[in-house]
Amino acid sequence: MSIEVIKLNCPGCGAPVSISQKECEYCHSPINISTFNSVADMSLSLMNKYAGSYKKTLDAHPDDKDVNASMGMIYLKLKLFDKALACFEIAMQDNFDNGDIFFAAAIATLKGKIPFLHTKDDIEKCEQYINAANMITPKGIYYVLLSYIKYDYYERKYFDTVPNYLETLSQAKEYGYSDMDVNSLFGMLGVARPNWL
């Protein structure tokens, strides 16, 4: 069985690269955006270059997991939540080594609104994505998002949930997270950071 190497042009300099490369050998720009932090401080013009390169590749290879994950991160940064979620759903298929994709899918599911405004089905879907991310690689920031959902949806609506938001936040502290991680999370969510975090 042969593995097809997906080629694209480097979004930074236009050189031919493979999606499996971490960075361009010529300009050292990242090729595959697998985390939100990779795109968090990216300028709009650079994001447009990445999006254009990824779109060309997806036209030829619409089911490529790595390119869909990267494109999903671009859409998430642009607050195009439905498009981001569609890309993440392709990227998540049989992908058990990148929890950040599941984490990003949970964020996209909230669509820039606080959990309180969502249906129980949306909240359960978010929780499934976060739990999958934690099963792959537990991270404090994943638990921070779960704690926020448990507070804003369950606690504010007086629903019982086990563990509750404070117990979940305690789990987040066990795994560790930074204040910058939390600010980045709420920037992605597009909502105000609560005072208790």
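Would you check if Ala91 is in contact (Cβ under 8 Å) with a residue 12 or more places away in the chain and touching a Leu at 6+ places or on another chain (Cβ under 6 Å)? Criteria not met by Ala91.
Being surrounded by 18 or more Cβ atoms within 10 Å (Cβ to Cβ), of a type in the set (Val, Ile, Thr) and in a helix (DSSP H, G or I): is that true of Val39 here? For Val39, the condition - surrounded by 18 or more Cβ atoms within 10 Å (Cβ to Cβ), of a type in the set (Val, Ile, Thr) and in a helix (DSSP H, G or I) - is met.
One line per residue, one yes/no per condition, for (1) touching an Asp or Glu at 6+ places or on another chain (Cβ under 7 Å); (2) modelled with pLDDT of 95 or more:
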{"site": "Asp64", "(1), (2)": "no, no"}
{"site": "Ser70", "(1), (2)": "no, no"}
{"site": "Ile74", "(1), (2)": "no, no"}
{"site": "Leu78", "(1), (2)": "no, no"}
{"site": "Asp97", "(1), (2)": "no, no"}
{"site": "Ala106", "(1), (2)": "no, yes"}
{"site": "Thr109", "(1), (2)": "yes, yes"}
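Only one entry in Ser45, Ser70, Ser53 is outside the structural domain of Leu197 (by TED's automatic domain parsing) and in contact with a strand residue (DSSP E or B) (Cβ under 6 Å, 6 or more places away or on another chain), namely Ser53.
The residues of the stretch 1-29 that are out of contact with any helix residue (DSSP H, G or I) (no Cβ under 6 Å at 6 or more places or on another chain), outside any loop (DSSP other than H, G, I, E, B) and at pLDDT 80 or above, listed by number, are Pro16, Val17, Ser18, Glu23.
Within the bounds of the stretch 159-177, is there any residue that is of a type outside the set (Gly, Ala, Ser) and touching a residue at least 60 places away in the same chain (Cβ under 8 Å)? No, the stretch 159-177 has no match at all. Selection of the stretch 78-124 for residues being farther than 23 Å from Tyr165 by Cβ and either in contact with a Ser or Thr (Cβ under 7 Å, 6 or more places away or on another chain) or among the charged types (D, E, K, R) (or both) yields Lys79, Asp82, Lys83, Leu85, Glu89, Asp94, Asp97, Asn98. Listed by position, the helices (runs of 4 or more DSSP H) enclosed by the stretch 83-178 that each have at least 2 residues that are surrounded by fewer than 17 Cβ atoms within 10 Å (Cβ to Cβ) are 120-136, 165-175. Quick one: would you say Ser38 is farther than 24 Å from Gly112 by Cβ, assigned by TED's automatic domain parsing to the domain that holds Val17 and in contact with a strand residue (DSSP E or B) (Cβ under 7 Å, 6 or more places away or on another chain)? Judged against the criteria, Ser38 is not a match. Contact map, the stretch 133-155: residues that are more than 21 Å from Met180 (Cβ to Cβ) paired with residues that are acidic (Asp, Glu), Cβ distance under 9 Å, separation 6+ or inter-chain. Pairs shown: Ile136/Asp97; Ile136/Asp100; Lys150/Glu127; Lys150/Glu167; Tyr154/Asp160. Candidates Thr57, Thr35: the one that is out of contact with any Pro (no Cβ under 9 Å at 6 or more places or on another chain), hydroxyl-bearing (Ser, Thr, Tyr) and without any contact (Cβ under 8 Å) to a residue 60 or more places away in the chain is Thr57.
A count restricted to the stretch 93-145 and to residues that are on the phi > 0 side of the Ramachandran plot and of a type outside the set (D, E, K, R) stands at 1.
The values are calculated or read from the model by the stated rules, or taken from the named source; none is laboratory data. Since we're looking at a predicted model, the values are computed, not measured. FYI the Cβ positions are ideal-geometry reconstructions off the backbone, even for glycines, and counts take in every protein chain you see.
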